[in-house]
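*Asks:* Okay, here's the structure, questions in a sec.
The values are calculated or read from the model by the stated rules, or taken from the named source; none is laboratory data. None of the values given here were measured: they were computed from a predicted structure. Virtual Cβ from ideal backbone geometry, glycine too; neighbours counted across all protein chains shown.
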Amino acid sequence: MRSKASKEALLRSLQSQSAAFPQVMREIEIAVANEEYRKAFLMIVELKNQGLWKPDLEDERNLEDFWWEYAN
């Protein structure tokens, strides 16, 4: 299932860069575990806008999939 795979890939990307935002990463993980996907999405977008998380093209696709499959 693409959406589950893309969600997991998105979280892996965030975790790989989370040294700059460990507390927010924990909050994202908790939000996802609690199925609070819109909350997680908004935190991820804020990290991106602040330049703390630097997504590549695949990450951008996974973030969009996350929005449409979970957070929307």
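*Asks:* Having 1 or more residues that are β-branched (Val, Ile, Thr) is the bar; report the helices (runs of 4 or more DSSP H) wholly within the chain that clear it.
*Replies:* Working: elements: 2-16, 22-33, 37-50, 57-66.
Result: 22-33, 37-50.
*Asks:* I'd like to verify a number: residues in region 1-14 that are at pLDDT 90 or above and surrounded by 13 or more Cβ atoms within 10 Å (Cβ to Cβ), how many?
*Replies:* Residues in region 1-14 being at pLDDT 90 or above and surrounded by 13 or more Cβ atoms within 10 Å (Cβ to Cβ): 7 in total.
*Asks:* Separate question: With respect to Phe66, determine if the residue is out of contact with any Lys or Arg (no Cβ under 8 Å at 6 or more places or on another chain) and not polar (S, T, N, Q). Step through it out loud before you land on a result.
*Replies:* Numbers: out of contact with any Lys or Arg (no Cβ under 8 Å at 6 or more places or on another chain): no; not polar (S, T, N, Q): yes.
The answer is no for Phe66.
*Asks:* Considering only residues that are among the basic types (Lys, Arg) and surrounded by 15 or more Cβ atoms within 10 Å (Cβ to Cβ), look in region 24-60 and name the one that is farthest from Arg12 (Cα to Cα).
*Replies:* Of everything passing the filter in region 24-60, Lys39 is farthest from Arg12 (Cα to Cα).
*Asks:* Between a residue in region 40-64 that is at pLDDT 95 or above and any residue that is among the hydroxyl-bearing types (Ser, Thr, Tyr) and surrounded by 14 or more Cβ atoms within 10 Å (Cβ to Cβ), which pairs come within a Cβ distance under 6 Å, given they are 6 or more apart or on different chains?
*Replies:* Asp59/Ser13; Asn62/Ser6
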